[in-house]
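Read through the structure below, which is laid out as structure tokens, and then see the notes.
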Amino acid sequence: MKEQVLAVQRMQDYIEENLEKEMTLTDMAKVSLFSPWYSYRLFREYLGISIAEYVRKLRLSKAALRIRDEECRIIDVAYELGFGSVDGFTRAFHKEFGCNPSDYVRNPVPIGLFVPYGVKYRELRKDEIDMSDIQSVFVQVVHKPERLCIIKRGVSAEDYFPYCEEVSCDVWGILLSMKSLSGEPVCMWLPEKYKKPNTSTYVQGVEVEKDYMGMIPEGFDVIMLPEADYLMFQGQPFQEEDYCEAIRSVQHAMNIYDPSVNGFQWDNSNPRIQLEPIGSRGYIELRAVKKKDA
């Protein structure tokens with residue numbers, strides 16, 4: 001991998017680990033191992049925004065989640081995340097999300113959180129991966145209740161990367177801002193009955209209660225998903241740079257798995273579900289099943 005990519009990734013990692021501290025361009029240069037000027041240029045070239053803008057967006061998104069989920073004062077969050085005053089924090093929050101922090105605490109509507117994708121992972125997409133050394137995959141039955149799913153449709157995408165090209169990765173930030181029935185957003189491959197003409201099979205969304213009455217973000221759709229059983233396939237923990245291998249290992253295991261050993265058969269009338277690949281827990285995918293015909 002190019003040293004310039006690794007340098008930008010080191011700066012991203014440093015920012016994540018030191019978000020509550022004051023950071024300078026000199027600090028970035030020490031981490032990147034390049035000059036301050038070249039570090040600044042590399043960061044902007046690979047991520048499309050300046051270091052200062054990146055830090056600001058990440059701090060505001062972390063602050064939004066804290067004031068939404070924790071019993072904490074806005075003034076404390078503002079100062080702890082490096083803002084010089086509550087007024088400055090409030091102005092920045094409103095500019096970024098279109099609402100004041102105090103209003104958001106009372107009514108946490110969907111907002112576009114900033115998701116800091118690591119630059120090195122763009123370099124790790126592989127067309128061919130050796131599947132001869134398959135790792136263990138854990139399988140368990142998961143029951144999901146009847147629920148609504150608020151989704152963002154693409155155009156023709158069948159997988160993650162084409163979907164991001166059609167819709168943009170910003171969708172995930174909006175979904176993260178919404179409280180999910182399952183604790184996190186989901187990615188799904190939709191059966192035909194849930195698709196609309198000229199829309200994608202692959203979508204991202206958030207599962208909510210079936211009687212959800214909250215805001216639906218502009219451009220999103222709502223589908224009702226029935227109560228169903230799923231087989232959850234979970235791989236072993238992996239290094240973040242090995243996420244491609246982790247995904248394909250689990251998908252390979254799922255493709256050759258016989259659900260009849262659990263008394264089930266595949267239920268293709270329900271969406272296949274993908275969770276965000278997180279190295280510490282292993283890659284997770286869920287596929288719907290139903291009781292095997294007698």
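Worth pointing out:
- When the alpha carbon gyration tensor of the stretch 53-121 is reduced to an equivalent ellipsoid, its three semi-axes come out at 19, 14, 11 angstrom, largest first.
- With the simple model of a label 7 Å out from the Cα in the direction of the Cβ, Tyr38 to Lys95 spans 3.2 nm.
- In the chain, taking the dipole from charged Cβ atoms about the Cα centre, the farthest positive-side position among Phe114, Tyr230, Asn255 is held by Phe114.
- With kT/(6 pi eta Rh) evaluated at 4 °C and eta = 1.567 mPa s, and Rh the Kirkwood radius from Cα pairs, the chain diffuses with a coefficient of 61 µm²/s according to Stokes-Einstein.
- On the basis of the beta-carbon distance and an R0 of 30 Å, Glu192 and Val261 show a calculated FRET efficiency of 0.60.
- Point-to-point label distance, Met224-Glu20, nm (Cα→Cβ direction, 7 Å offset): 4.6 nm
- The charge dipole of the stretch 221-294, taken about its Cα centre with unit charges on the Cβ of Lys, Arg, Asp and Glu (plus for the first two, minus for the last two), comes to roughly 320 debye.
- In the stretch 42-79, trypsin sites (Lys or Arg not before Pro) in a DSSP loop with at most 13 other beta-carbon atoms within 10 Å: Arg73
- If you bin all the Cα-Cα distances of the stretch 137-291 at 5 Å, starting from zero, the percentages per bin are 2, 9, 18, 21, 21, 17, 8, 3, 0.
- Gain on full extension, evaluated as 0.36 nm per residue between Lys179 and Tyr121 minus their Cα-Cα distance, stands at 18.2 nm.
- Arg281-Tyr160 FRET efficiency (beta carbon distance; Förster radius 22 Å; 0.05 resolution): 0.75
- Between Leu286, Ser156, Phe264, the Cα set farthest toward the positive side of the dipole of the chain (charges on each charged residue's Cβ, about the Cα centre) is that of Ser156.
- Remark: the chain carries a charge dipole of roughly 500 debye about the Cα centre, counting +1 on each Lys and Arg Cβ and -1 on each Asp and Glu Cβ.
Coordinate-derived values only; no laboratory data. Here the structure is a predicted model, which is why all the values come from computation and not from measurement. Counting neighbours? That spans all protein chains shown, and the Cβs are built from the backbone with ideal geometry, glycine included.
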